[in-house]
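Here is the structure we will look at.
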Amino acid sequence: MSQDTTSPKARRGRPPASPRNTPDTRTALIRSGLEALTEQGFMASGIDGVLKRVGVPKGSFYYYFASKEAFGRAVMQHYGTYFAYKLDKHLLDESRRPLHRLDAFVADARAGMERHQFRRGCLVGNLGQEVGGLPDGYRQWLQTTLDDWQQRLARCLKEAQTAGELSETADCDRLAEAFWIGWEGAVMRARLERSARPLDTFIAVYMAGLPR
């Protein structure tokens, strides 16, 4: 008896549980989640909206992430890595004087907000506003991330001190903390006004108030 070599017809119903292009799809989901969380925050961001942006079926989402909480953690980790790189790009730039590096970071962030018509804010700032309703552990991540940003900026300010741009008696750790407290508020206000004015006001007042 000859063997039937006819290709079997595709079966109707759900696609296979195991999706294709696993790393690329997971990365696309995280990027989509980052867009959603920086625009809407965690509580208002639904999984369906994230999937729609990427064109991935809902069943595939749970192939990559056990829950929305796990997905949120992956998005936060991605954002933390991305933002640390952005900070280092500017604050470690030895071609600029230390305080000019801070100006460069602010200009870069300002351009990014303008590019997205001020729809997107800072993930840390967004999550911080709804911290009471977030899963356990998110609060610690937010605090650890802010502490890391403060330390990076404090090192830059200490370089400014060594270069004679800041007073020798300046408390660089406290000044770094004050920057991030004010910056997150300025970003929130810029989104509210859909304008860079609050960012410009904040950095002008912050720089003018540094002890020389």
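Quick one: how many lysine pairs does the chain have with C-alpha atoms less than 21 Å apart and a gap of 8 or more or different chains? Give me the count, please. Lysine pairs meeting the criterion: 4.
Computed with every protein chain present, the accessible area of Lys158 is close to 90 Å² [probe 1.4 Å]. Rolled with a 1.4 Å probe across the full set of protein chains, the surface gives Asp93 an accessible area near 40 Å².
With a simple spin-label model that places each label point 7 Å from the Cα along the Cα-to-Cβ direction, the separation between Lys58 and Ala28 comes to 1.9 nm. Only protein heavy atoms count here; under a 1.4 Å probe, Arg120 has an accessible surface of about 60 Å². Applying 1/(1 + (r/R0)^6) with r as the Cβ-Cβ distance of Tyr82 and Arg197 and R0 = 30 angstrom yields a FRET efficiency of 0.70.
Whole-Hz Karplus values for the range 38-55 come out as 6, 8, 10, x, 6, 5, 8, 7, x, 4, 4, x, 4, 5, 4, 4, 9, x Hz, taken residue by residue from phi with 6.51 cos²θ - 1.76 cosθ + 1.60 and θ = phi - 60°; glycine and proline positions read x. Scaled against the 2.2 N^0.38 Å expected of a compact globular protein of N residues, the Cα radius of gyration of the range 73-212 reads 1.05.
The mean accessible area for residues of the chain, using a 1.4 Å probe and ignoring ligands and nucleic acids, is 60 Å² per residue. Under 15 Å from a label point 7 Å along Cα→Cβ of Gln129: give me every residue in the range 36-66 with its amide N that close. Under 15 Å, as judged by backbone N against the label point of Gln129, lie 36-45 of the range 36-66.
The values are calculated or read from the model by the stated rules, or taken from the named source; none is laboratory data. Every value quoted in this text rests on a predicted model; they were computed, and no experiment measured them. So basically every Cβ, Gly included, is an ideal-geometry build from the backbone, and we count neighbours across all protein chains shown. Please note that ligands, DNA and RNA were not included when accessible areas were found on the heavy atoms of the full protein model with its side chains. Shrake-Rupley method; radii C 1.70, N 1.55, O 1.52, S 1.80 Å.
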